[in-house]
Amino acid sequence: MTTAAPPSVLPPSPARRRRLRQRNLLLLRLVWGLLLLAVLAFTLWQPGNWPAKLSAWILLTLLADEAGGWFGYLGVVLGGLPFVAAHAPPEQWFVILPLVGGSLIAALIVKHSGGVLVLPFSYVVFVLPLLLAQRLGPSLDDTLTLPSNATFRRSTFLIAAIGLGFSVLRQLAGLYLRRRLEQPRVLSGAEAV
């Protein structure tokens, strides 16, 4: 009795491997972005104090932005979610939303204009309006004291640095992996056969 030899399975071509890798990366980014936006929406929908909501809003928006540009902008829009929730928004959210939301949009625009080298400028663009509001706010409106609050500064400056620091690490790792993939592989004797 003779049995038919199983068909030989050829390894996928480099072009096919590249397409599969790109498709899998796209799916991973979609899941990552949607998951972070869902966590952000859940966090902002729940009642809570403004420092926790502010920290979550900034961090999750910057992390979601790593999945693709539009996830970051959707995260900024989700900042208005406490206004439509069943409970009252945090007392300071009327000041936080336009001030931090505008800074986040400006930081995202600068962040999307380049690679790793623009990320420090993105942080500066995020922090500068908040520092200006701290300095000039009380002279324009006596009740605008939130930017001078230490909790506000900690919740914004530190969390934004963490989010943009993650972006630096992700982009550097991506550069390293791309360079490594572009290098030709040397086949050993066993692999060549």
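Values in this text are rule-based calculations from the coordinates and carry no lab data. Source: prediction; values computed, not measured. Glycine also receives a Cβ, built like all others from the backbone with ideal geometry; neighbour counts cover every protein chain displayed.
Of the helices (runs of 4 or more DSSP H) lying entirely inside region 1-114, those carrying at least 2 residues that are over 30 Å from Q134 (Cα atoms) and among the small types (G, A, S) are 14-45.
Taken over region 47-67, the criterion of being out of contact with any Leu (no Cβ under 8 Å at 6 or more places or on another chain) and in contact (Cβ under 8 Å) with a residue 12 or more places away in the chain is satisfied by P47, G48, N49, W50, P51, L54, S55, L59, E66.
One residue stands out in region 104-132 among those that are touching a residue at least 40 places away in the same chain (Cβ under 8 Å) and aliphatic (A, V, I, L, M): the one that is farthest from P147 (Cα to Cα), namely V116. Touching a Phe, Trp or Tyr at 6+ places or on another chain (Cβ under 7 Å) and in a helix (DSSP H, G or I), is that true of V127? Considered against the rule, which asks whether it is touching a Phe, Trp or Tyr at 6+ places or on another chain (Cβ under 7 Å) and in a helix (DSSP H, G or I), V127 comes out as yes. Among A88, A107, A133, A64, which is the only one that is of a type in the set (A, V, I, L, M, F, W, C) and either surrounded by fewer than 19 Cβ atoms within 10 Å (Cβ to Cβ) or out of contact with any helix residue (DSSP H, G or I) (no Cβ under 9 Å at 6 or more places or on another chain) (or both)? Every option except A88 fails the conditions.
In this structure, does T151 turn out to be on the phi < 0 side of the Ramachandran plot and out of contact with any helix residue (DSSP H, G or I) (no Cβ under 6 Å at 6 or more places or on another chain)? Considered against the rule, which asks whether it is on the phi < 0 side of the Ramachandran plot and out of contact with any helix residue (DSSP H, G or I) (no Cβ under 6 Å at 6 or more places or on another chain), T151 comes out as no.
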